[in-house]
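Asks: Here's a structure for you.
The values are calculated or read from the model by the stated rules, or taken from the named source; none is laboratory data. Being a predicted model, the structure only gives us computed values, none of them experimental. Glycine also receives a Cβ, built like all others from the backbone with ideal geometry; neighbour counts cover every protein chain displayed.
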Amino acid sequence: MPGIKSDSYALIQDYQSEFLQCREILYVAFSDVKQFGNYQGVSCFNPDLCPVIIDARNGSGAAVRMSTSPHFLEEAVLNSNNMAVFTGIVDESHKVAEYTNEHKLSVAQKFDGLFTTYVIDKAMGIIYLSSDNLDSNWTSIINGRTGIVASKNYGTLSNDQNTLETFTSPSKIVYDMSLVFKKWDLQGDATLTITSSAGGKVISSSTYNSTHLPPDVKFTFGDNLVIKYDSNGPETIGVLINFSFDLGTNNSNWITSTDMPGGTTTKSPPVVSTTTVGTITRGTTQRFETTTKSRTIHSLFVSISLVFISMFL
């Protein structure tokens, strides 16, 4: 592999940061990356659009992005590839998303980890990254949209896991909402709160904790959704939630408010039943992973030890 400095370490990235006086160098343990056909660091000098080519023609290809602020996956051109995304190390316990070539991003996906690694399994693929939250439409509720919410240091014990995401329908149309609770750590005083509202009125608000665990799947509706996870101090492994928004079948009656001369007319949304799917009984002091998954791709990835070194010139 190009850039090997010794039998133990490989130089993955060496570049000037936006602060000219500082050079940032990313090293990884060569013993951990040697099973990848290609492994590269990503530096994006254009915050609006950053194309990254991942080469997996000679084995799995990986690209790792280091950022102290969130970034967004705008588009993925995968050809015949499958792609997995990890926070921190490349390990099943850190995998937050999977994509195939058939998966089209209607809205960019936000990733908040210090290290985010994109891995494809064969051929070549191109991903487009952005640092611009405004261009990503991340907070918009759009028909057919799917995505994930993951804690910043998901999969690693950390006291920096608090997460707050708010999604809103720009047109104030009410959508069906589905949430799949993939993994969550609710030990101690940690809480997870899901609130949906329509026309400014709360439709559903549920707070989960160590004695009131979330279901595998939650269905609700509204024109606004708030997902809030708070570890309340102790170290946790965070939370991972899949979400989706759909117009449903009765949306002609689900416009929550209409501005009219002389005032505002408000329509009450119809009553929709809520269903809990596959609830299982668990203890209250452990870390859990739910059993309902949309699909499973069995992949074998090695753990990658990452060390970030900052040196002043």
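Asks: Scanning segment 110-148 for residues that are of a type in the set (A, V, I, L, M) and surrounded by 21 or more Cβ atoms within 10 Å (Cβ to Cβ), which turns out nearest to residue 167 (Cα to Cα)?
Replies: Filtering segment 110-148 for residues that are of a type in the set (A, V, I, L, M) and surrounded by 21 or more Cβ atoms within 10 Å (Cβ to Cβ), the one nearest to residue 167 (Cα to Cα) comes out as 141.
Asks: Report yes if residue 214 is closer than 17 Å to residue 154 by Cβ, assigned by TED's automatic domain parsing to the domain that holds residue 146 and at pLDDT below 95, otherwise no.
Replies: No; evaluated as a whole, the condition is false for this residue.
Asks: So, of the residues in segment 101-139 that are of a type in the set (Gly, Ala, Ser) and in contact (Cβ under 8 Å) with a residue 60 or more places away in the chain, which turns out to be farthest from residue 62 (Cα to Cα)?
Replies: Step by step, filter segment 101-139, then rank; the result is 136.
Asks: Ok, one more. Check off (1) buried (at least 21 other Cβ atoms within 10 Å of the Cβ); (2) out of contact with any Asp or Glu (no Cβ under 7 Å at 6 or more places or on another chain); (3) of a type outside the set (Gly, Ala, Ser); (4) within 21 Å of residue 95 (Cβ to Cβ) for residue 165 and give me the number that stays unchecked.
Replies: The number of the failed condition is (1).
Asks: Does segment 97-109 include one or more residues that are crowded, with 21+ Cβ neighbours inside 10 Å and either more than 15 Å from the chain's Cα centre (by Cα) or assigned to a loop (DSSP other than H, G, I, E, B) (or both)?
Replies: Yes: segment 97-109 contains one or more residues that are crowded, with 21+ Cβ neighbours inside 10 Å and either more than 15 Å from the chain's Cα centre (by Cα) or assigned to a loop (DSSP other than H, G, I, E, B) (or both).
Asks: Would you check if there is a residue in segment 201-218 being surrounded by fewer than 16 Cβ atoms within 10 Å (Cβ to Cβ), without any contact (Cβ under 8 Å) to a residue 60 or more places away in the chain and in a loop (DSSP other than H, G, I, E, B)?
Replies: No, segment 201-218 has no match at all.
Asks: Next question, about the same structure. Condition first: within 15 Å of the chain's Cα centre (by Cα), assigned to a strand (DSSP E or B) and farther than 25 Å from residue 141 by Cα. Now tell me which residues in segment 65-86 satisfy that.
Replies: 65 - this is the single residue of segment 65-86 that is within 15 Å of the chain's Cα centre (by Cα), assigned to a strand (DSSP E or B) and farther than 25 Å from residue 141 by Cα.
Asks: From (1) under 15 Å from residue 74 (Cα atoms); (2) under 14 Å from the mean Cα position of the chain (by Cα), pick out the condition that doesn't hold for residue 126.
Replies: The failed condition is (2).
Asks: Also, quick follow-up: Is it the case, given these coordinates, that residue 117 is farther than 17 Å from residue 246 by Cβ and among the hydroxyl-bearing types (Ser, Thr, Tyr)?
Replies: So residue 117 fits the description; yes.
Asks: Residue by residue through segment 168-200, note down the ones that are among the charged types (D, E, K, R), buried (at least 16 other Cβ atoms within 10 Å of the Cβ) and not in a strand (DSSP E or B).
Replies: 172, 185
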